[in-house]
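Visitor: Pasting a structure here, questions to come.
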């Protein structure tokens, strides 16, 4: 019996040391913490125990509290280790794919830089969205499409503000779609490669908003000067198409590179400055004439957006 006592004490000592090592806490600190916790628990038990309760139950409660705290500490440490291991594995996996994890976890704006497609990809994505809406015109209810994919005073007054954007992705005629997408592809690719895909997407949306606002203002002024049936008719005239957004992209490229030479219909060489003057002049002529088939006011809205963006680039704000 005397020979077994030292072995038992040695095993207890070994278990206490391994527990302190696994928790990352020194043995002395753990014992001091345990003794202070035990004293606090005994004081708490003496206050809350009911009359007639023996002191042995208080010691049992203190022992249970220490075991609970020990298990909780072990669980928190193990959970933290698992989370840390998972984050390290994710970073290593992304780095093997040449993915800069520091930019991803540093700022949300950097994440959108990864989420957006490549400079050519964002152009193809915009073209794909326009083509998808074109086919939607073929299968969806025409009333639904007029309410949600065309810009008009009637839609605006009805609270369908999303048409300020959705109308810039909407084409009901194949010729109209093809012409706009050709301009978007050639000029959009140039702008996207120069300033990035995020810039091109913002420019497209800004041109769409500018064109829709100018269109609504022009129709509101026309309706206010009209009477009776003509006034009601002007409020219901609707517009659609990516012309204003594409016009902002084309004119920005012209403003940035006025000495370039463009080939109209892939054959006729036209200087950039002359082409810009023709585009803006024809839209002013349509606005004065009151052409209802092509909205000069919407095109001019895109031109104003291009001029504002060009001025910001010249001042170094972009």
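The values are calculated or read from the model by the stated rules, or taken from the named source; none is laboratory data. Everything quoted here is computed from the prediction, not taken from an experiment. In this analysis, Cβ positions are derived from the backbone assuming ideal geometry, glycine residues included, and neighbour counts consider all displayed protein chains.
Visitor: Name every residue in segment 137-154 that is in contact with a helix residue (DSSP H, G or I) (Cβ under 8 Å, 6 or more places away or on another chain) and not in a helix (DSSP H, G or I), in order of residue number.
Guide: 149, 150, 151, 152, listed by residue number.
Visitor: Mind checking which residues of segment 268-296 are closer than 24 Å to residue 199 by Cα and in contact (Cβ under 8 Å) with a residue 24 or more places away in the chain?
Guide: Narrowing segment 268-296 to residues closer than 24 Å to residue 199 by Cα: 272-273, 275-276, 279-280.
Residues satisfying the conditions are 276, 279, 280.
Visitor: Got a sec? Which helices (runs of 4 or more DSSP H) wholly within segment 204-318 have at least 3 residues that are surrounded by 18 or more Cβ atoms within 10 Å (Cβ to Cβ) and touching a helix residue (DSSP H, G or I) at 6+ places or on another chain (Cβ under 8 Å)?
Guide: Numbers: elements: 228-236, 243-256, 272-289, 296-314.
Fully inside segment 204-318 and qualifying: 243-256, 272-289, 296-314.
Visitor: Here is a further query. Could you grab me the full set of residues in segment 167-203 that are more than 17 Å from residue 318 (Cα to Cα), out of contact with any helix residue (DSSP H, G or I) (no Cβ under 6 Å at 6 or more places or on another chain) and outside any helix (DSSP H, G or I)?
Guide: 173
Visitor: How many residues does segment 162-185 contain that are out of contact with any strand residue (DSSP E or B) (no Cβ under 9 Å at 6 or more places or on another chain) and either under 23 Å from residue 310 (Cβ atoms) or without any contact (Cβ under 8 Å) to a residue 24 or more places away in the chain (or both)?
Guide: 11
Visitor: Ok, one more. Examine segment 139-152 for a residue that is over 30 Å from residue 223 (Cβ atoms), at pLDDT 90 or above and either in the same structural domain as residue 241 (by TED's automatic domain parsing) or over 26 Å from the mean Cα position of the chain (by Cα) (or both), and state whether such a residue exists. So that I can check it myself, show each step before the final result.
Guide: Step one: filter segment 139-152 for residues over 30 Å from residue 223 (Cβ atoms), giving 139.
Restricting the remaining residues to those that are at pLDDT 90 or above gives 139.
Still in the list and also either in the same structural domain as residue 241 (by TED's automatic domain parsing) or over 26 Å from the mean Cα position of the chain (by Cα) (or both): 139.
Yes, segment 139-152 contains at least one residue that is over 30 Å from residue 223 (Cβ atoms), at pLDDT 90 or above and either in the same structural domain as residue 241 (by TED's automatic domain parsing) or over 26 Å from the mean Cα position of the chain (by Cα) (or both).
Visitor: Does residue 182 satisfy the criteria of being crowded, with 17+ Cβ neighbours inside 10 Å and either outside the structural domain of residue 131 (by TED's automatic domain parsing) or at pLDDT 90 or above (or both)? I'd like the intermediate steps shown before the answer.
Guide: Numbers: crowded, with 17+ Cβ neighbours inside 10 Å: no; either outside the structural domain of residue 131 (by TED's automatic domain parsing) or at pLDDT 90 or above (or both): yes.
Judged against the criteria, residue 182 is not a match.
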